[in-house]
1. Residues Pro63, Pro128, Pro79, Pro121: which one is closer than 30 Å to Asn217 by Cα, outside the structural domain of Ala224 (by TED's automatic domain parsing) and of a type outside the set (Gly, Ala, Ser)?
2. Do we find that Ala97 is buried (at least 17 other Cβ atoms within 10 Å of the Cβ) and under 13 Å from the mean Cα position of the chain (by Cα) in this structure?
3. Mind telling me which of the residues Tyr146, Tyr187, Tyr193 ends up being hydroxyl-bearing (Ser, Thr, Tyr), closer than 19 Å to Glu119 by Cβ and not assigned by TED's automatic domain parsing to the domain that holds Ser109?
4. Say whether the condition of being among the acidic types (Asp, Glu), under 25 Å from Val104 (Cβ atoms) and within 14 Å of the chain's Cα centre (by Cα) is met by at least one residue in the range 178-194.
5. Evaluate the range 69-89: report whether one residue or more is surrounded by fewer than 17 Cβ atoms within 10 Å (Cβ to Cβ), part of a loop (DSSP other than H, G, I, E, B) and of a type in the set (Lys, Arg).
6. Please give the number of the condition Gly143 fails out of (1) within 17 Å of the chain's Cα centre (by Cα); (2) touching a residue at least 40 places away in the same chain (Cβ under 8 Å).
7. Which of the residues that make up the range 166-177 are touching a strand residue (DSSP E or B) at 6+ places or on another chain (Cβ under 6 Å), farther than 10 Å from Gly71 by Cβ and either surrounded by 15 or more Cβ atoms within 10 Å (Cβ to Cβ) or polar (S, T, N, Q) (or both)?
8. Tally time: how many residues in the range 100-119 are of a type outside the set (D, E, K, R), in a loop (DSSP other than H, G, I, E, B) and more than 14 Å from the chain's Cα centre (by Cα)?
Amino acid sequence: MSGINRALVAWVVLLPLASPASAGVVSGKLELPDVEHPPLATKGFLDRTENALAPVKPASPAPRMVVVLEGDEKPVSPPQVVVELLGETFSKKVVAAPAGAEVVIKNVSKSARTLTAAEDPKLIPQGPINPTGPKSFRVDNPGKVYTISDKDAPYLTLKVVVVNTQYFGYPDETGRFEIDNVPAGAYKVKVWYQDDWVALGDGPSLDVSAKGKTELNTKIPAAALQPGAKK
């Protein structure tokens, strides 16, 4: 192959996918309360008690949250959702997956795991996920939530939330997030935390500009993160 042809091939492979002509960026911050106690991954024989010499530090709820924008446009070609299995934990505690998307779990640890979905034992192909190996499955129904875990490691859990949009973002420890390539239009803002949607009443709305950044800053009250909070 000539040098010109090799250069052409490289250019075609590296060409980025075009974003919508009238798309903007949604950037903002969730004003988050501290969670007094990190959520329990498992429960032993004894209830958790306070240690007067080493009090539990408040934890940020951000690692278990995802910000979702719902509009009129539905996922046409859902992107692949990739999560890494790091051994004793997943790279994310919660992931949003557009309806119709393929979810791929990549085992980058040195241990094999056998993963199942509590809500649908047939969702994930049977057999262990070996080191460097992937497991994939497809989610189709918006509103479904799957809890992925290993029965031999109950602390190893992943929530997969199926949404009817491909526009969502994950806040960092300070609550900041960014969602790229969002088409201009009106959206409803929803926030997922741990096991359910955060109680935000009717939910804030957002008008996304065709170009540039649209700011979204939302305060999450502590009461909204309590189990059983009214949605």
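The values are calculated or read from the model by the stated rules, or taken from the named source; none is laboratory data. What you are looking at is a predicted structure, and each value in this text was computed from that prediction instead of being measured. For neighbour counting, all protein chains shown are included, and Cβ atoms are generated from backbone atoms with ideal geometry for every residue, glycine included.
1. Details: Pro63 fails: outside the structural domain of Ala224 (by TED's automatic domain parsing); Pro128 fails: closer than 30 Å to Asn217 by Cα; Pro121 fails: closer than 30 Å to Asn217 by Cα.
Only one candidate passes the filter, namely Pro79.
2. Details: buried (at least 17 other Cβ atoms within 10 Å of the Cβ): yes; under 13 Å from the mean Cα position of the chain (by Cα): yes.
Against the criterion (buried (at least 17 other Cβ atoms within 10 Å of the Cβ) and under 13 Å from the mean Cα position of the chain (by Cα)), Ala97 qualifies.
3. Working: Tyr146 fails: not assigned by TED's automatic domain parsing to the domain that holds Ser109; Tyr187 fails: closer than 19 Å to Glu119 by Cβ.
Only one candidate passes the filter, namely Tyr193.
4. From the range 178-194, those among the acidic types (Asp, Glu) are 178, 180; that's our starting set.
Then keep just the ones that are under 25 Å from Val104 (Cβ atoms); that gives 178, 180.
Subset that is within 14 Å of the chain's Cα centre (by Cα): 178.
Yes, that holds for at least one residue.
5. Taking every residue of the range 69-89 in turn, at least one turns out to be surrounded by fewer than 17 Cβ atoms within 10 Å (Cβ to Cβ), part of a loop (DSSP other than H, G, I, E, B) and of a type in the set (Lys, Arg).
6. Here Gly143 clears every test but (2).
7. Quick first cut of the range 166-177, residues touching a strand residue (DSSP E or B) at 6+ places or on another chain (Cβ under 6 Å) only: 166-171, 175-177.
Those still in the list that are farther than 10 Å from Gly71 by Cβ too: 166, 168-171, 175-177.
Result: Gln166, Phe168, Gly169, Tyr170, Pro171, Gly175, Phe177.
8. Narrowing the range 100-119 to residues of a type outside the set (D, E, K, R): 100-101, 103-105, 107-109, 111-112, 114-118.
Next, from what is left, pick out any that are in a loop (DSSP other than H, G, I, E, B): 100-101, 108-109, 111-112, 114-115, 118.
Now narrow it down to the ones that are more than 14 Å from the chain's Cα centre (by Cα): 100, 108-109, 111-112, 114-115, 118.
The total comes to 8.
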